[in-house]
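This report refers to the structure that appears directly beneath it.
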Amino acid sequence: MTRAAPPPLPIPVAGQPGPARRPRPFLLAVGLLVVVVGCLVVYYGWREVQPRIGRHVPAARCPVAGLPASATDVSYYVGGAFGPSTMYEFSVPEADFVRWAQANGWTLSRPTPLPSGEPWSIRRFGRDTNDPADPKDAEIVNGWMYEWVNPQRDDDRLWLGYDSDSHRAYYVRSYR
């Protein structure tokens, strides 16, 4: 039994299109991999620069580390990769708040009214969420406060507040 000879390959002629070539599977796989990796980089990069916002979540479900063990009902704003501030608030018994502050080296004092006579106030997580329904400030008359300014950079600040009437703690860290 004899096999038929394959047809001769066409000889390319200058200026005329040659035979169609099938793409190579390896190059298609590499191209697809580059597209998939590029999409993942864009997706995760975008996600990292977005702020994280939570309202009334359990302490175990929030991205804020180091809260007192008894903290509940946490609301927070954590700036993205380039975010200048972190704000959170939570409900906690006063004695646990005081222990938490002391364990972190924060010396608490009683809030004093401002020179204008207004009560001392602290920013709340809603200040940066752009949601008009979120709370912006908390006035504290009866409770605790702490303010710190970095001596090398006055745009690096930390505020703590505790409202003894509502049993609510407030934390604000700002880098500008």
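Couple of notes before you dig in:
- Considering only Cα atoms, the convex hull volume of the range 51-174 works out to 120 Å³ per residue.
- Karplus 3J(HN,Hα) series, Hz, for the range 129-138 with 6.51 cos²θ - 1.76 cosθ + 1.60 (x for Gly, Pro): 7, 6, 10, x, 7, 6, x, 9, 9, 10
- Here the simple spin-label model places points 7 Å from the Cα toward Cβ, and for Glu94 and Tyr175 these points are separated by 3.5 nm.
- Phi to ³J(HN,Hα) by Karplus 6.51 cos²θ - 1.76 cosθ + 1.60 over the range 65-75, Hz, x for Gly, Pro: 8, x, 5, x, 4, 8, 5, 9, 6, 8, 10
- Note on Arg127 and Val57: with the Förster distance fixed at 22 Å, the Cβ-Cβ geometry gives a FRET efficiency of about 0.75.
- Loop sites in the range 53-149: chymotrypsin sites (Phe, Trp or Tyr not before Pro), DSSP, at most 13 other Cβ within 10 Å: Phe82
Here, each number is a calculation from the coordinates, and none is a lab measurement. Nothing here was measured: the structure is a model prediction, and the numbers come from that model. FYI the Cβ positions are ideal-geometry reconstructions off the backbone, even for glycines, and counts take in every protein chain you see.
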